[in-house]
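Worksheet: the structure to be examined is printed underneath.
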Amino acid sequence: MTIVTPEWVKDAVFCQIFPDRFARSARVHAPGPLEDWDAPPTNRGFKAWWGLPAHPKLNTDNPEAREYLLGVAEHWIRFGADGCRLDVPDEIGPPGVFDPDCRRTFPWDRPEAWDRGPLDHVSAAARLRHENPVLRRGGFRIVAAEGAAVAYLRSSSDAAVLVALNNGEDALEIELDLPELPARTFLPVLLPGDAPSAAVEVGTGRTAISIPARSGRVFSL
């Protein structure tokens, strides 16, 4: 069976809601203007995209809001969706600035104008996911979280992949909790643009790694 990802999933913006549709849903609680699900209030009573009341922003620091959004993502991933839109195409091609000047036509017929760095990196990450079933269907567990950094383990009976991400402006060291994999060694999987990285020796089940600022690392057994 061929599964086609709906166009609205590809164009999803998971930090915003359409309040009329959300409120009519029988599956979830309909948030009011100042309830916990809404972002901290502004002079309009709640935060909204560009201040437009029709596009209120959700407070993703709220556990219930996060759980609902992750549930939506998980639902569509199980149907074959593997990503959402690249919001600003000038990252790899057309010139431009913020909305609406980021909506120019992409230069498909002029690949020499593309910035290959981000494109090659994302393409390699997508290939890695498709080539490794554990990254699609393996168990998922957060093994470290510190400040702007997080690391998670995707594992199955015959494979394990460790992913560490740092969204901060400074390098961070985090301690990994891997009691199920003592004395194992994770080898780095380098994507285009990645700096060389040392292997991760788990030892007795806990080990520390350093993640450069604004970057990610992938390791595999």
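The values are calculated or read from the model by the stated rules, or taken from the named source; none is laboratory data. Predicted, not measured: the structure shown is a model, and the values here were computed from it. So basically every Cβ, Gly included, is an ideal-geometry build from the backbone, and we count neighbours across all protein chains shown.
Which numbered condition trips up residue 176, out of (1) loosely packed, with under 13 Cβ neighbours inside 10 Å; (2) over 15 Å from the mean Cα position of the chain (by Cα); (3) at pLDDT 95 or above; (4) among the hydrophobic types (A, V, I, L, M, F, W, C)?
(1)
Can you pull out the residues in segment 115-169 that are among the acidic types (Asp, Glu) and over 16 Å from residue 217 (Cβ atoms)? Outline the logic, then answer.
First pass over segment 115-169, keeping only residues among the acidic types (Asp, Glu): 115, 120, 131, 146, 158, 169.
Scanning segment 115-169 gives 115, 120, 131, 158, 169.
Taking the condition basic (Lys, Arg), loosely packed, with under 15 Cβ neighbours inside 10 Å and touching a residue at least 40 places away in the same chain (Cβ under 8 Å), does residue 214 pass? Reasoning before the result, please.
Values: basic (Lys, Arg): yes; loosely packed, with under 15 Cβ neighbours inside 10 Å: yes; touching a residue at least 40 places away in the same chain (Cβ under 8 Å): yes.
Criteria met by residue 214.
Looking only at residues that are in contact with a strand residue (DSSP E or B) (Cβ under 7 Å, 6 or more places away or on another chain) and surrounded by 13 or more Cβ atoms within 10 Å (Cβ to Cβ) in segment 192-201, which one is modelled with the highest pLDDT?
200
Where in segment 96-178 are there strands (runs of 3 or more DSSP E), lying wholly inside it, with at least 2 residues that are touching a residue at least 40 places away in the same chain (Cβ under 8 Å)?
Result: 149-155, 160-166.
State which residue is farthest from residue 184 (Cα to Cα) when the search covers only segment 149-168 and only residues that are among the β-branched types (Val, Ile, Thr) and out of contact with any Phe, Trp or Tyr (no Cβ under 6 Å at 6 or more places or on another chain). First the steps, then the outcome.
Quick first cut of segment 149-168, residues among the β-branched types (Val, Ile, Thr) only: 150, 161, 163.
Subsequent filtering for residues that are out of contact with any Phe, Trp or Tyr (no Cβ under 6 Å at 6 or more places or on another chain) retains 150, 161.
Details: 150: 20, 161: 12 Å.
Ranking the qualifying residues of segment 149-168, first place goes to 150.
Please work out which one of (1) free of Cβ contacts under 8 Å to residues at least 24 places away in the same chain; (2) touching a Gly at 6+ places or on another chain (Cβ under 9 Å) is the condition residue 201 fails and give its number.
Single failed check for residue 201: (2).
Any idea which of 198, 208 is among the aliphatic types (A, V, I, L, M) and either within 21 Å of residue 125 (Cβ to Cβ) or part of a loop (DSSP other than H, G, I, E, B) (or both)?
After ruling out the rest, the residue left standing is 198.
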